[in-house]
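Here the structure is laid out as structure tokens; the discussion comes afterwards.
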Amino acid sequence: MSKVEKHQRQLRQEIDNRASFMNATKWKALFSVLKNVNPSYLLKIKLLLEDEIREVTIPNSEDFISEKYLEEYWGVFELKEIEWILIPSKITLERKNREELLVPKVTHQNIEVIEKELQSGKQFEYENSDLGLKIYGYR
């Protein structure tokens, strides 16, 4: 069994064990809403078969290859692999001047505007917490 076949089998098993809330069309609609609200928002994304949480930017429509999203620095994955996306309410960027740590730069992301947009269109499974707005692909 090839590496790709093994990955697809594991992915199918994981998907079968969860409630699904999103499909490729809804993910693309979500990314479109986010781009319209603020194209520079930073997101955190969790894929089903990975423990790593990645920080990404909102994809452009030209970043999609069929049902897949391409991001140069972390490869290609299918939209059905997204477990959840978090839009943090604040982003803390550590800063250095050579070896000296400077005061971190904190920027706020207006998740209330996004939540309002999410309520007016397609139905999304999400929760709003102190961390930000988490949109679920699976639970």
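Summary of computed values
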item	result
Amide H contacts of Tyr69 (H built 1.01 Å from N, under 5 Å, at least 5 apart or other chain)	Phe77, Leu79
Ellipticity estimate at 222 nm from DSSP helix runs (n ≥ 4, -39,500 (n - 2.57)) divided over the chain, nearest 500	-8500 deg cm²/dmol
Per-residue ³J(HN,Hα) for segment 38-45, Karplus 6.51 cos²θ - 1.76 cosθ + 1.60, θ = phi - 60°, Hz, x for Gly and Pro	6, x, 9, 4, 9, 10, 10, 10
Protection proxy ranking of 19-31, 116-128 - average other beta-carbon atoms within 10 Å, highest first	19-31, 116-128
Which label in [x] 27, 20, 14; [y] 39, 18, 13; [z] 26, 17, 11 gives the computed semi-axes √(5λ) of the Cα gyration tensor in Å	[x]
Virtual spin-label span in nm between Arg9 and Arg95, 7 Å along Cα→Cβ	5.2 nm
Candidate aspartates and glutamates for bridging to Lys105, where Cα separation is under 16 Å - those fewer than 8 sequence places away on the same chain excluded	Glu94
Check: segment 61-139 dipole with +1 on Lys, Arg Cβ and -1 on Asp, Glu Cβ, in debye	280 debye
Listed residue pairs exceeding 18 Å between alpha carbons, taken from Lys6/Lys80; Lys28/Lys122; Lys6/Lys26; Lys68/Lys116; Lys68/Lys134	Lys6/Lys26; Lys68/Lys116; Lys68/Lys134
C-alpha long axis of helix 111-120 to longest principal axis of the chain, angle in °	40 degrees
Cα-centre dipole for the chain with unit charges at Cβ (Lys and Arg positive, Asp and Glu negative), debye to 20	120 debye
Positive dipole terminus of the chain, leading residue within Leu42, Pro104, Leu79 (C-beta point charges)	Leu79
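Since every read-out is calculated from the coordinates, none of them should be taken as a lab result. These figures come from a predicted structure and were not determined experimentally. Backbone-built Cβ (ideal geometry, glycine too); neighbour counts: all protein chains shown.
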